[in-house]
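A short worksheet on the structure shown next.
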Amino acid sequence: SCVFRAQKRLDVWLEVAARLHKTFPDLHFIIVGEGVLRESVHRKAAELNTASYVTFAALQPDMKPYLEAMDMYMLTSGFEGLPEGLLEAMSMGCVPACTSAGGIGEIIADGENGVIVPVDQPQKLYDKICELILQPEKMDLMKTEARLTVVSRFDIDTMVRSIEDIYKSSVQNTLTSWLGQ
């Protein structure tokens, strides 16, 4: 799900989608979300004549059916933390195609579990996505790797252990400094 804010650069997302559709006319795109830039995003979509291949699904309480329908999750953000939507998409086996905004570059290994481009070159997503569409076996492998990445790094047991390790290390460092050792 996407909040329509400037940081998401949905105008760029729509431009990449339009270029991809010209190359692969059978592609269909879904934008799930809403926000303050709704009017300008819809205006840009109309300007690019995307009505036949871009669906605006508004905000949805359950993303699962949408993610199950997707092969890829494209994100053109200018800045981010580590988007929850990206992790959800990867956990459902969607190949991420993203800019390297914020923490995104820490989870996506380009060509292994997704594709990633520099934040200032979002249009390069077009080239990388085209390459991937033409290699369905590679896309299938990347779907599996995307899911494994999230399952192995963000499952509850792994996260709890990481937090416990940080806590133990912090407590040990504090005790050592108090005891002067």
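Data for the structure
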read-out: Criterion (touching a strand residue (DSSP E or B) at 6+ places or on another chain (Cβ under 7 Å) and assigned to a helix (DSSP H, G or I)) met by exactly one of Ala58, Ala97, Ala46, Ala17; value: Ala17
read-out: Looking only at the range 20-33, and only at residues there that are crowded, with 17+ Cβ neighbours inside 10 Å and out of contact with any strand residue (DSSP E or B) (no Cβ under 7 Å at 6 or more places or on another chain), the one that is farthest from Ala97 (Cα to Cα); value: His21
read-out: Residues of the range 67-84 classified as buried (at least 19 other Cβ atoms within 10 Å of the Cβ) and in a helix (DSSP H, G or I), total; value: 1
read-out: Residue that is most open to solvent (accessible area, probe 1.4 Å), among those in the range 112-127 that are more than 14 Å from Lys143 (Cα to Cα) and not in a loop (DSSP other than H, G, I, E, B); value: Lys124
read-out: Flag for Thr144 being in contact (Cβ under 8 Å) with a residue 40 or more places away in the chain, exposed (fewer than 14 other Cβ atoms within 10 Å of the Cβ) and of a type in the set (Ser, Thr, Tyr); value: yes
read-out: Residue match in the range 94-111 (condition: open to solvent by 30 Å² or more (accessible area, probe 1.4 Å), out of contact with any Cys (no Cβ under 8 Å at 6 or more places or on another chain) and among the β-branched types (Val, Ile, Thr)); value: no
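The values are calculated or read from the model by the stated rules, or taken from the named source; none is laboratory data. Fair warning: this is a prediction, and the values are worked out from it, not measured in the lab. Because the Cβ atoms are built from the backbone with ideal geometry, glycine has one as well, and the counts that use them run over all protein chains shown. Ligands, DNA and RNA are excluded from the accessible area calculation, which covers all protein heavy atoms including side chains. Shrake-Rupley method; radii C 1.70, N 1.55, O 1.52, S 1.80 Å.
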